[in-house]
């Protein structure tokens, strides 16, 4: 399968140009859409989850709905920031940034279920450590020898 198209001009010289494959265009569009959709959808799920835990099975109130929307907006905004900043960082800081985000997000949700500050802190540190370990391994194995990300 050839990726370069050859064309002859009036002078007889041949020009080559790389035409994008349909899969290349689809991948770029899909990635751009995902960059916008993931924080929004994640924020909606997070806000609904936070509001549901916060109301503790009681009636839905205006304050409860407001709490859910604020939680969703903050989650989506911070997730967007992390998605923009993290790829610019070295692998260690990249993994730390995602670990901090995951630990804080989990710790906040966990604390809504009336757990102690100590238990919420320990659980969020455990989640953050797990996220750091997985992300560091992934970023470490997906770099070339010069420290640049591959793919």
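The values are calculated or read from the model by the stated rules, or taken from the named source; none is laboratory data. Please read these numbers as outputs of a predicted model, since none were measured by experiment. Heads up, the Cβs are rebuilt from the backbone with ideal geometry, glycines too, and the neighbour counts pull from every protein chain shown.
A few points about this structure:
- Exactly one residue out of 74, 70, 100 is over 30 Å from residue 137 (Cα atoms) and at pLDDT 95 or above, and it is 70.
- Only a single criterion out of (1) over 24 Å from residue 141 (Cα atoms); (2) loosely packed, with under 14 Cβ neighbours inside 10 Å; (3) assigned by TED's automatic domain parsing to the domain that holds residue 140 is not satisfied by residue 61, namely (3).
- Test: residue 56 is over 26 Å from residue 140 (Cα atoms), loosely packed, with under 11 Cβ neighbours inside 10 Å, in contact (Cβ under 8 Å) with a residue 12 or more places away in the chain and more than 17 Å from the chain's Cα centre (by Cα): yes
- Filtering 100, 40 for residues that are part of a helix (DSSP H, G or I), out of contact with any strand residue (DSSP E or B) (no Cβ under 9 Å at 6 or more places or on another chain) and not assigned by TED's automatic domain parsing to the domain that holds residue 118 leaves a single hit, 40.
- Output for the stretch 82-97, where each listed residue is over 13 Å from residue 136 (Cβ atoms) and either loosely packed, with under 13 Cβ neighbours inside 10 Å or out of contact with any helix residue (DSSP H, G or I) (no Cβ under 9 Å at 6 or more places or on another chain) (or both): 84, 85, 87, 88
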